[in-house]
Amino acid sequence: MAERLAGKRVLLTGGVANIGLSILESFVAEGAKVSVLDIDVARGTELEKRFEGQVKFFSTDIGQEEEIKSAIAKSAMWLGGLDTLCLNAGVQISGRLEDFTTEQWDKTFTINVRSSFLFARESLRHLEAAGRSSIVLMSSLAGKRGAPGLICYSSSKAAVIGLATTMAIELAPKGVRVNAVCPGWIDTPFNQPVIDLMGGREKQEAAIKNIIPLGRQATADEVAPLFVYLASDESSYVTAQAINVCGGVYN
């Protein structure tokens, strides 16, 4: 193993399942020391034991500003600083415009957008002190292409792209790079709400064959390597990008 992230100190949100778990496993395999933030205490504790000494779990509700501040402080102390902020945690609530509630809209933007802003703002002094640091935000192809039933999710992920590209320009003089990753259809339980909206797995799979040039969904393990690249010094000249992982679907 090349250990492309050897010595890197990483804070990762939503790292206990789905794409987040693949990101965590890839980060650890490449030599990073990772602070994992999530609300799933059982899985988080299990991962801390599995990767003893290399992973530390902090139970965190990223919808709460004070919990974000506390988690960053604890993470920076355990890590001895912070080189990479990887904001993967998110929520997907599907529904048609006329059926969507204000509460659902607010929850989606609180988790997907507001938390990213707060993490970046509160981590900035640590990232700036580290030098040559990186922020990687989880967006989605849905942030570039709308679809029926995704009005709130797509809007929130479009906002994440705007946040990433704007922060990248503002933070470049501080030595902080910022990029967003935009997965398309990834075969994880995270997408179950929209699968249900489409009428079930069979109809979803049929639609994918018509929509995606490669004719299939990706696995979480096919997304994680891009996060490794963006967290590593290999991407030292890459910033302000929203990079698709989508099987050939055009914007």
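Bear in mind these aren't lab numbers, they're just calculated from the coordinates by the rules spelled out. The shown structure was predicted, so the numbers you read here are calculated from the model rather than taken from an experiment. Quick reminder, even Gly has a Cβ in these numbers, built from the backbone with ideal geometry, and neighbours come from all protein chains shown.
Around ALA242, which amide H atoms from residues at least 5 apart in sequence, or from another chain, sit under 5 Å from its own amide H, with H modelled in the peptide plane?
For ALA242, whose amide H was placed from the backbone, the distant partners under 5 Å are ALA180.
Going by Cα centres, segment 1-79 and segment 175-251 are how many Å apart?
21
Build a GNM of the chain with springs between Cα atoms under 10 Å: which of ILE186, ILE23, ILE211 gets the top mean-square fluctuation?
Answer for the Gaussian network model of the chain: ILE211.
For the chain, list log₁₀ I(q)/I(0) at each q in 0.09, 0.13 Å⁻¹, using the Debye formula over Cα point scatterers of equal strength and ignoring solvent, two decimals each.
So the normalised log intensities are -0.36, -0.77.
Of THR165, VAL228, GLY31, which is farthest towards the positive pole of the chain's charge dipole, taken about the Cα centre with +1 and -1 on the beta-carbons of Lys, Arg and Asp, Glu respectively?
THR165
If you plug each phi of segment 115-124 into the Karplus form 6.51 cos²θ - 1.76 cosθ + 1.60 with θ = phi - 60°, what whole-Hz ³J(HN,Hα) values come out, in order, with x for Gly and Pro?
Result, rounded to whole Hz: 5, 5, 4, 5, 4, 5, 4, 7, 8, 4.
Among SER236, SER123, SER115, whose mean-square fluctuation peaks in a Gaussian network model of the chain (Cα, cutoff 10 Å)?
SER236
Given the options ARG96, ARG114, ARG145, state which has the largest fluctuation in a GNM of the chain using a 10 Å cut-off (strictly under) for Cα springs.
ARG96
Just to compare against my own numbers: the Cα pair-distance distribution for segment 54-98, 5 Å bins, whole % per bin, please.
Binned Cα distances yield the sequence 5, 16, 24, 22, 12, 7, 6, 5, 3, 1.
Note down the magnitude of the dipole of the chain about its Cα centre, charges +1 on Lys and Arg C-beta and -1 on Asp and Glu C-beta and zero elsewhere, to the nearest 20 debye. Could the numbers behind the result be given before it?
Working: 25 positive and 28 negative charges, 98 e Å.
Charge dipole of the chain: 480 debye, to the nearest 20.
Output ³J(HN,Hα) for segment 20-36: one whole-Hz value per residue in order, computed from phi by the Karplus curve 6.51 cos²θ - 1.76 cosθ + 1.60 with θ = phi - 60°, and x for Gly and Pro.
Result, ordered by residue: x, 5, 5, 4, 4, 4, 5, 4, 5, 4, 8, x, 7, 9, 10, 9, 9 Hz.
May I ask you to order 164-175, 84-95, 52-63, 34-45 by the average number of other C-beta atoms within 10 Å around their residues, highest value first?
Sorting 164-175, 84-95, 52-63, 34-45 by mean packing, highest first, produces 84-95, 34-45, 52-63, 164-175.
Quick one: order THR13, THR101, THR188 by neighbouring beta-carbon count within 10 Å, fewest to most.
THR101, THR188, THR13
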